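Enquirer: Below is a structure I'd like to ask you about.
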């Protein structure tokens, strides 16, 4: 299969990626799992996604239940074929060898592109009850291109990487089982969704129906979608104890292998979080979903947050809103909201003007609150208006209230500020690989003396933009150190239907492959007070003083 590098950029820049990391040395095989199908139901499938064209007319999938358990299982190949259009199903070669299923994908790039051809392999070993993959990139490489081109106008200038480490996961450690029943290779539905649905697509199971969704559609504010997903005949019934245990084991697996912020100084240990929550997670009904919500929030990570209850209770939008100020004073989340709501309240109340000028109209301050699909065009239009003044020499790009968004559109926006290749460094906390991509934009940069205003509210893609501008060296970074945020996010759907997002194992770094999780400093001598940051005119006045 040939792909252009620009497609890889688009997928890479919008990806929410997952991973698994092996722990310890090789183990003696414990033998295949002896479980058998006791019931099979055929559930209809509906594609709700807008970024992927997946066939759903008269489409269904067989769901299997084993030894009277309630955890749903699926066959590997039918699941892969179900969501063709969201993943490159036709290009995934699936082979069977006794107790092994191997999924193989080869990506060949054009000769004039910077990327090396890649081989991706995922091996499901039904005798050892293990999963092995040769590189983390498998989970994003199988993704189909999105309808929206998030890599529009971007191309690869250069690319370097280090080889990943092959990883084997022993599923016995989590009481999760691959099962071969006669000639059927089965795996838990929620593991299939985690491994095989690509980086930006998910399949939701509610006991009655299957729904395909864009991962970014699944927001707690999208009440109509979440109401439909969780509308099930199981609503109001008791959650079986066996499913509660399966749900807990699945969450242990997710936090051990899919969570990017490994225990480290300044990061809460997710094992402690799950240990503290175990008793509450074993409750039924709303208390169960509240326990999941609180466990995710206890990570104290702005990239990890609850989204929705599951299908055993009716969806309630009040499930998510909360008061971060009840957290301890040293909590990262509390400090972030303290900065936004009280110290730099123009971020909270949305009072930042699109463009502000000094009296002489020689300095302009242009506001960017986040990176959506519309941001590059909006930024371009504002800069054109600034340029039309004919007097402006300096432009301050206001990222003080920028909490992130789509990385691809951040690159497109940055392309209006510099013609230099833009460095995109990252590491994977799972397969230990690193990669750097230098990206060029077809956008023509405006000719101004650039400043970028950062603050403790600047986060995620905003944080990355500050680091990239600093590394390239075309802008002066002013204000206060950013809050950080270094991971893309991964949507997780648990066996009881709860939806939450976590920091993925794809971590953005500086050129030394040091994480950006804890923020980027401003340039020496350019620290501003929060009162100054809160006032566009005060920021402009500080830049005027340099004249």
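Enquirer: Compute the acute angle (0 to 90°) between the alpha-carbon long axis of helix 241-257 and the principal axis of greatest extent of the alpha-carbon atoms of the chain; round to the nearest 10°.
Expert: 50 degrees
Enquirer: Let me ask another. What order, most packed first, do the peptides 325-336, 457-468, 204-215 have when packing is the mean number of other Cβ atoms within 10 Å of each residue?
Expert: Output ranking for 325-336, 457-468, 204-215: 457-468, 204-215, 325-336.
Enquirer: Once you have a ≥ b ≥ c as the square roots of the Cα gyration tensor eigenvalues for the stretch 42-165, tell me rounded if a/c is under 1.5, and otherwise prolate or oblate according to whether a/b is larger than b/c.
Expert: Oblate, since a/c reaches 1.5 and b/c is not below a/b.
Enquirer: Next up: Could you work out how far apart the two model spin labels at residue 148 and residue 387 are, taking each label as a point 7 Å from the Cα in the direction of the beta carbon, and quote it in nm?
Expert: Using points 7 Å along Cα→Cβ, the separation is 2.5 nm.
Enquirer: Could you state the angle between the C-alpha long axis of helix 5-14 and the longest principal axis of the C-alpha atoms of the chain, as a value from 0 to 90 degrees rounded to the nearest 10?
Expert: Roughly 90 degrees, rounded to the nearest 10.
Enquirer: Is the chain rounded, prolate or oblate when judged by the Cα gyration tensor, a ≥ b ≥ c being the square roots of its eigenvalues, rounded requiring a/c under 1.5 and prolate requiring a/b larger than b/c?
Expert: Here the chain falls in the prolate category.
Enquirer: Between residue 378 and residue 223, what length comes free when the chain is fully extended (0.36 nm per residue of separation minus the Cα-Cα distance, one decimal in nm)?
Expert: 53.0 nm
Enquirer: Once you keep just the Cα pairs under 8 angstrom separated by 6 or more residues, what percentage relative contact order results for the chain?
Expert: 16 percent
Enquirer: Where both residues lie in the chain, what percent of DSSP beta bridges are antiparallel, nearest 5?
Expert: 75 percent
Enquirer: Also, quick follow-up: Could you line up 184, 422 from fewest to most neighbouring Cβ atoms inside 10 Å?
Expert: Result, fewest neighbours first: 184, 422.
Enquirer: Based on the mean of other beta carbon atoms within 10 Å per residue, what is the order of 70-77, 224-231, 406-413, most packed first?
Expert: Descending packing order for the listed peptides: 406-413, 70-77, 224-231.
Enquirer: Indicate, rounded to the nearest 5 percent, the antiparallel portion of the DSSP beta bridges found entirely in the stretch 439-547.
Expert: Given both bridge residues lie in the stretch 439-547, the antiparallel proportion sits at roughly 50 percent.
Enquirer: What residues of the stretch 193-211 lie in the reach of a label at residue 77, counting those whose backbone N is under 19 Å from a point 7 Å from the Cα along Cα→Cβ?
Expert: It comes to 193, 196-197, nothing else.
Enquirer: Taking only Cα atoms, what is the 0 to 90° angle, nearest 10, from helix 375-389's long axis to the longest principal axis of the chain?
Expert: 10 degrees
Enquirer: In nm, give the distance between the simple-model label positions of residue 46 and residue 172, each being 7 Å from the Cα along the Cα-to-Cβ direction.
Expert: My value for the distance between the label points is 4.3 nm.
Enquirer: Also, quick follow-up: Calculated FRET efficiency, residue 161 and residue 341, Cβ-Cβ r, R0 45 Å, to nearest 0.05?
Expert: So, using R0 = 45 Å, E works out to roughly 0.65.
Enquirer: Something else: Along the Cα→Cβ direction, 7 angstrom out, place labels at residue 59 and residue 102. What is the inter-label distance in nm?
Expert: According to this spin-label approximation, the distance is 2.9 nm.
Enquirer: Arranged by the count of other C-beta atoms within 10 angstrom, fewest first, what order do 92, 268 take?
Expert: So the residues, fewest neighbours to most, are 268, 92.
Enquirer: Tell me, 474, 189, 500 in order of fewest to most beta-carbon neighbours within 10 Å?
Expert: 474, 189, 500
Every number here is computed from the coordinates shown, using simple stated rules; none is lab data. What you see is a predicted model, and the numbers here were worked out from it, not measured in a lab. Ideal geometry is used to build each Cβ from the backbone, glycine not excepted, and the neighbour counts take in all protein chains shown.
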